[in-house]
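Asker: Got a structure for you, questions after.
The values are calculated or read from the model by the stated rules, or taken from the named source; none is laboratory data. Nothing here was measured: the structure is a model prediction, and the numbers come from that model. When we count neighbours, we look across all protein chains shown, and the Cβ atoms used for this are built from the backbone with ideal geometry, even at glycine.
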Amino acid sequence: MDGEVDTLDDVFDQFLNNNRFFKDRDVLRHDYIPHKLPHREEQIRHLGLIVAPLLKTERGSNVFIYGKPGTGKTAVMKYVINRLVQKAKEFGAPVKAVYVNCRLAGTEYRIFTNLCAAVDIIVPFTGLATGEVFDRFKKGLEDKRVSFVVVLDELDELIKSRGNVLLYELTRINEALRNSKVSIIGISNDLRFKELLEPRVLSTLSEEEIVFKPYNASELQDILWERAELALCSGVLLKGAVGLCAALAAAEHGDARRALDLLRVAGEVAERENAKVITENHIREAERRIEHDRVIDALANLTLHSKFVLYSVYLLGKIKIYSAITGDIYEVYSEVCEEIGVSPLTQRRVSGLISELDSIGLLSSRVISRGRYGRTKKISLAIPRSPLSEVYSNDGHLGQVTSFIPTCLKAKLGKTKN
């Protein structure tokens, strides 16, 4: 035990005495909002023009922001809203804003709870009807007499899981208010998000739209160098390492968050190795570590039925069916649900889950031609099998069926042997 303590003392002392790499590693994290956002000046100006009327107690337009992950949507929004609130204080304008991540909040109730807290209305964590919480929010707004900005990030996650009800209520809230005004900023990573909205919601929410295009490699290098000046000590970063970091992130949809993650983890790898500078090899090692961690995290945080669908594709691979049609997957999925004691979803809903898993890179689907028999979609795993097995063997539900072979698979296996 003493030896372990001594080892840890050495580790901690070495870390405390080694200040050659990081001045402030938090600058390379996602939630850091810099004073400058390179290559997003146009979007900042556009959003600023949309929210500026609030400074004169006029209602601003609702705005819908969309683009792929890592394109600066949340950073730009927070930057503009923070500046808006600061300017409002200078001029004595009654402006309030609240930011809610819909994926983290999860339910309409929790979202309305956040909105209530922003106008100093405290509601219990559970126990009230959602309509009652919404009514309290409206009353709180009326008492405050403010121009209120509601920012709903990852809005697509809420719509996919809970429908359009909350958004419909919010887009109509100004009809019930006399003393306050509400503007909505919706943010989505899904470029097809608008297809999920009902026409009555779409017409009101999408009064204005801002599209964020992916960064290219040159733009990502500019972002990395600006952050590196704040985060890293002078002279520890090689130009080639930044170039590789930007190229890897640009190849994956121009994701600035990925570029920043790569640089931060590469710096940590170099720091632990007691290296003198961050090299391209450190970037490669960071990529390997991040990819593994990202897959593990994605698998662990899927919804229950998405896990079952993905596991069904995994089971098909066990009998050498590495590319399956939706019908085969659904057959296996239904037996997995039955074995665990969960009611299966409809085949149509499972088809939708397959599309969602494809969009986040866990499954890969391709349409192939069968000549006069038409076309069909083939689905396969888009990730290595080992992390999937590792995560689901420890899963509370799937851990029960790691040795389970569905009857339909036994029949298919028999046919392949014959």
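Asker: Cβ-Cβ distance below 8 Å, separation of 6 or more or different chains: which pairs start in the stretch 315-341 with a residue that is among the polar types (S, T, N, Q) and end on one that is surrounded by fewer than 20 Cβ atoms within 10 Å (Cβ to Cβ) and part of a helix (DSSP H, G or I)?
Answerer: Cβ pairs passing all conditions: T326/Q347; T326/S351.
Yes/no per residue for (1) in contact (Cβ under 8 Å) with a residue 40 or more places away in the chain; (2) out of contact with any Phe, Trp or Tyr (no Cβ under 9 Å at 6 or more places or on another chain); (3) surrounded by 17 or more Cβ atoms within 10 Å (Cβ to Cβ):
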site	(1), (2), (3)
V100	yes, yes, yes
T107	yes, yes, no
V119	no, no, yes
G127	no, yes, no
G131	no, yes, no
R136	no, no, yes
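Asker: Evaluate the following for R349: is it among the charged types (D, E, K, R), at pLDDT 90 or above and not assigned by TED's automatic domain parsing to the domain that holds S161?
Answerer: Yes: the conditions hold for R349.
Asker: May I ask you to list pairs of residues, at least six apart or on different chains, whose Cβ atoms are under 8 Å apart, with the first in the stretch 165-180 being in contact (Cβ under 8 Å) with a residue 12 or more places away in the chain and the second being outside any helix (DSSP H, G or I) and surrounded by fewer than 18 Cβ atoms within 10 Å (Cβ to Cβ)?
Answerer: Close Cβ pairs (under 8 Å, with a partner that is outside any helix (DSSP H, G or I) and surrounded by fewer than 18 Cβ atoms within 10 Å (Cβ to Cβ)) amount to Y168/E198; N174/R59; N179/R145; S180/R145.
Asker: Sticking with this structure for a sec: Right, E390: at pLDDT 85 or above, among the acidic types (D, E) and surrounded by 11 or more Cβ atoms within 10 Å (Cβ to Cβ) or not?
Answerer: Working: at pLDDT 85 or above: no; among the acidic types (D, E): yes; surrounded by 11 or more Cβ atoms within 10 Å (Cβ to Cβ): yes.
No, not satisfied.
Asker: Being aliphatic (A, V, I, L, M) and not in a helix (DSSP H, G or I) is the filter here; which residues of the stretch 92-146 pass it?
Answerer: Listed by number, the residues that qualify are A93, V95, A97, V98, V100, V119, I121, I122, V123, L128, A129, V146.
Asker: Sticking with this one: For Y168, indicate whether it is in a strand (DSSP E or B) and either at pLDDT 90 or above or closer than 23 Å to I50 by Cβ (or both).
Answerer: Answer is no for this residue.
Asker: Okay, next question. Considering the stretch 404-418 alone, what residues qualify as being part of a loop (DSSP other than H, G, I, E, B) and modelled with pLDDT of 70 or more? Outline the logic, then answer.
Answerer: Restricting attention to the stretch 404-418, the residues satisfying the condition of being part of a loop (DSSP other than H, G, I, E, B) are 404-406, 418.
The answer is F404, I405, P406.
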